[in-house]
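**Student:** The structure's right below; bear with me while I get my questions together.
The values are calculated or read from the model by the stated rules, or taken from the named source; none is laboratory data. Everything numeric here is computed off the predicted structure, so don't read it as measured data. Please note: Cβ atoms are built from the backbone with ideal geometry, for glycine as well, and neighbour counts cover all protein chains shown. Accessible surface areas use protein heavy atoms only, side chains included; no ligands, DNA or RNA. Shrake-Rupley method; radii C 1.70, N 1.55, O 1.52, S 1.80 Å.
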Amino acid sequence: MHYKIKNLIKVFLLITLGFIFSACSQSNPQEYYDPLEKINRKTHSFNKSLDKLFLRPASKVYGVVVSDFVDVLINNFTNNLSEPSNAANHLLQGKVKKSSNSTARFLVNTTIGIGGITDPASRLGLPSNESDFGKTLHSWGFNEGAYVELPFYAASTVRDTTGIVVDFIMDPINSIIPSRYKIHTQGAKLIELAGDRNEYGDVIDNMLYQTEDSYASQRLYYLQRRRFDLNNNTISDDDLGNPYEDE
Amino acid sequence: MRTNKSITRRLTIAGMIGTAGVYAFPVVALSKSDAEKLIERLTNDVLSAVNEQKSDKIMFVKFEMIFSKYADVPLIARKALGPTWREASKAQRSAYVSAFKGYMARYYGKRFEDFLGSKIVVSNSRKTSGGFLVGSNIILKDGSSYQAQWHVIDARGKFLMYNLFLEGVSVLSDVRVQIGSMLDKRGGSIEKLTSHLNTAS
């Protein structure tokens, strides 16, 4: 109980902090707010060398060693672990239907789906619907805040970073899975990281190693992709800009 | 399908006559289906160029032709360059636009190879000020799909593509970042940028 209260206080502080940061952001969709660019660029080169030295080679090994079949199993397993968190976030956003969908997915896939390595829920008409606390904050009206590149984690914003931390601390899976299995679930997530890097290999290689300014390209791809996702996959008139406006 | 094509052709001819007669007659507003047909023809041309599996060189030449035919290249080039455009002379501008065209064909052409054997379905378009946003789904050979939205504008009585959003990411913004960074590296000189663009990919 005491532990939970402490967590709640931490979350409260984070949200307040996140709000202070995001309150001073711009809202023009064509724009970005990057006051930390100098530090971000340093983190970017750090992340890039990590990718070059470890993640990229690990993903190549993954691509060779792990068959497509096993790749799907690992994918399903880690996705299933995030369903309780999806359910909680949908609920916090007032999306009751999506929340019960995620809960049902978790129950079906954990049992019939053999601990989550297969995904019978999708075939039963319960499609995957991911969510996170960054999205919850967005639905509560928090602004995006400054762009940040996190060490080891790559592109984010103040709002999304707050979301990552809250999701990490409050993840309901922690109270579902006994702590002695935590090493296995974390291990699976780590392997999945190499799997993801392998799956999006060309896109990431292209972004990091073939663009003129990989920092600026990554910032653009992350922010526009994320905003598209938050706006239910729609492009607004603001996003279109004015073709005939002179600059 | 054949009737569709001949209707399209007739519409195109009508459109051409309309453009020619722009001073004599009031301009007929272009419709949503015109915009969608433009994107259908554009994506068909891109996919057939990819599926021919010719050498990169031949493919890039084809992409350059497709780009010139369907897109408002001078406007896109100007937007990609930003404020430097205003300071450039007429000759500098046209040299830049021509180099830009080739660069775009190579830069995106390389990435189009992923579309080998894929399908594009046009759907869910909507009106915007001065044009349409044409929605589409790119379904790759492995079954995964991507959303592509095409911003089509009414360019002097004729529909042309202006921008493309791939999973929400604006290609125009992407090009602006590329060109802006190339320009910065060359001290803001449009001449140096142009000569670089002639071979860059």
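**Student:** Take the solvent-accessible surface of the protein heavy atoms, probe 1.4 Å, and return the percent of it on the protein assembly as shown that carbon and sulfur atoms account for.
**Tutor:** Values: 14990 of 24520 Å².
Roughly 61 percent of what the probe reaches on the protein assembly as shown is carbon or sulfur.
**Student:** What is the distance in Å between the Cα centroid of the stretch B:160-192 and that of the stretch A:126-165?
**Tutor:** After rounding, the separation between the Cα centres reads 27 Å.
**Student:** Something else: Per the Kirkwood formula on distinct C-alpha pairs, the Rh of chain A is how many angstrom?
**Tutor:** Values: mean 1/r = 0.0504 Å⁻¹.
With all distinct Cα pairs of chain A included, I get 19.8 Å.
**Student:** Same structure again: Considering only DSSP beta bridges with both partners in the stretch B:32-197, what is the antiparallel share in %, to the nearest 5?
**Tutor:** 95
**Student:** Using modelled amide H (1.01 Å from N, peptide plane; none on Pro or chain starts), what sits under 5 Å from the amide H of residue B:168, excluding residues fewer than 5 places away?
**Tutor:** Answer set, sorted by chain and number: B:149.
**Student:** Mind jotting down the distance between the C-alpha centroids of the stretch A:39-106 and the stretch B:31-81, whole Å?
**Tutor:** 35
**Student:** How much net charge surrounds residue B:95 when only the other residues with a Cβ under 15 Å from the Cβ of residue B:95 are counted, with Lys and Arg +1 and Asp and Glu -1?
**Tutor:** Its environment carries a net charge of +4.
**Student:** Ok, one more. For the stretch A:176-247, state the average projected area of the convex hull of the C-alpha atoms over all orientations, rounded to one decimal in nm².
**Tutor:** For the Cα atoms of the stretch A:176-247, the hull's average projected area reads 8.3 nm².
**Student:** Follow-up question, since we're still on this one. Counting only heavy atoms of protein chains, what accessible area per residue, in Å², does chain A have with a probe of 1.4 Å?
**Tutor:** Counting only protein heavy atoms, the per-residue value for chain A is 57 Å².
**Student:** Percent antiparallel among DSSP beta bridges with both residues in the protein assembly as shown, to the nearest 5?
**Tutor:** 95
**Student:** Right, next: How high is the relative contact order of chain A, in percent, with contacts defined as C-alpha pairs under 8 Å that are six or more residues apart?
**Tutor:** Relative contact order, chain A: 27 percent.
**Student:** Can you list residues whose amide H is under 5 Å from residue B:135's amide H, if they're 5+ apart or on another chain and H is modeled 1.01 Å from N?
**Tutor:** Under 5 Å from the amide H of residue B:135 lie the amide H atoms of B:123, B:125, B:126, B:150, each far enough along the sequence or on another chain.
**Student:** Short version: ³J(HN,Hα) in whole Hz for each residue of the stretch A:176-182, in order, from phi by Karplus 6.51 cos²θ - 1.76 cosθ + 1.60 (θ = phi - 60°), x for Gly and Pro, what are they?
**Tutor:** Values, residue by residue: 8, 8, x, 5, 6, 8, 4 Hz.
**Student:** In the stretch B:158-193, which residues give up 40 Å² or more of accessible area once the other protein chains are added, compared with their chain alone (1.4 Å probe)?
**Tutor:** Listed by number, the residues meeting the 40 Å² cut-off are B:165, B:167, B:168, B:169, B:173, B:174, B:177, B:178.
**Student:** Counting only the backbone N, which residues of the stretch A:167-195 are under 16 Å from the spot 7 Å out from the Cα of residue A:70 toward its beta-carbon?
**Tutor:** A:187-195
**Student:** Contact order normalised by length for the stretch B:101-160, with contacts defined as Cα pairs under 8 Å and 6 or more residues apart; what percent is it?
**Tutor:** With pairs under 8 Å counted, the relative contact order is 25 percent.
**Student:** For all pairs of alpha-carbon atoms in the protein assembly as shown, what percent lies in each bin of width 20 Å, listed from the first bin to the last filled one?
**Tutor:** Result, from short to long distances: 20, 53, 24, 2, 0 percent.
**Student:** Over chain A, with a Gaussian network built from C-alpha contacts below 10 Å, which listed residue (A:73, A:92, A:53) shows the highest mean-square fluctuation?
**Tutor:** A:53
**Student:** Of A:171, A:160, A:196, which has the largest mean-square fluctuation in a 10 Å C-alpha GNM of chain A?
**Tutor:** Judging by the Gaussian network model, the answer is A:196.
**Student:** I've got another one for you. If you place +1 on the Cβ of every Lys and Arg and -1 on the Cβ of every Asp and Glu, how big does the dipole about the Cα centre of the stretch B:32-197 come out, in debye to the nearest 20?
**Tutor:** Working: 26 positive and 17 negative charges, 99 e Å.
In debye, rounded to 20, the stretch B:32-197 gives about 480.
**Student:** Enumerate the calculated ³J(HN,Hα) couplings along the stretch B:65-74 in order (Karplus 6.51 cos²θ - 1.76 cosθ + 1.60, θ = phi - 60°), each rounded to whole Hz, writing x wherever the residue is Gly or Pro.
**Tutor:** So the J values, rounded to whole Hz, are 5, 5, 4, 5, 6, 9, 10, 7, 4, x.
**Student:** Further question on the same structure: Quickly rank B:75-87, B:117-129, A:224-236 as a protection proxy: mean count of other C-beta atoms within 10 Å, highest first.
**Tutor:** Highest-to-lowest ranking by the protection proxy: B:75-87, A:224-236, B:117-129.
**Student:** Could I ask something else about it? At 1.4 Å probe size, with every protein chain present, just tell me what the per residue accessible area of the stretch B:93-137 comes to in Å². Mind dumping the intermediate values first?
**Tutor:** Values: 1870 Å² over 45 residues.
Heavy-atom accessible area per residue stands at 41 Å².
**Student:** Two-decimal Rg/Rh of chain B from alpha-carbon positions, Kirkwood Rh? List each step's numbers first, then the result.
**Tutor:** Values: Rg = 17.7 Å, Rh = 18.1 Å.
Radius of gyration relative to Kirkwood radius: 0.98.
**Student:** What percent does the relative contact order of the stretch B:32-197 come to when contacts are Cα pairs within less than 8 Å and at least six residues apart?
**Tutor:** This gives 24 percent for the stretch B:32-197.
**Student:** Could you compute how much accessible area chains A and B hide from each other, both sides summed, with a 1.4 Å probe? Nearest 100 Å² is fine.
**Tutor:** 2600
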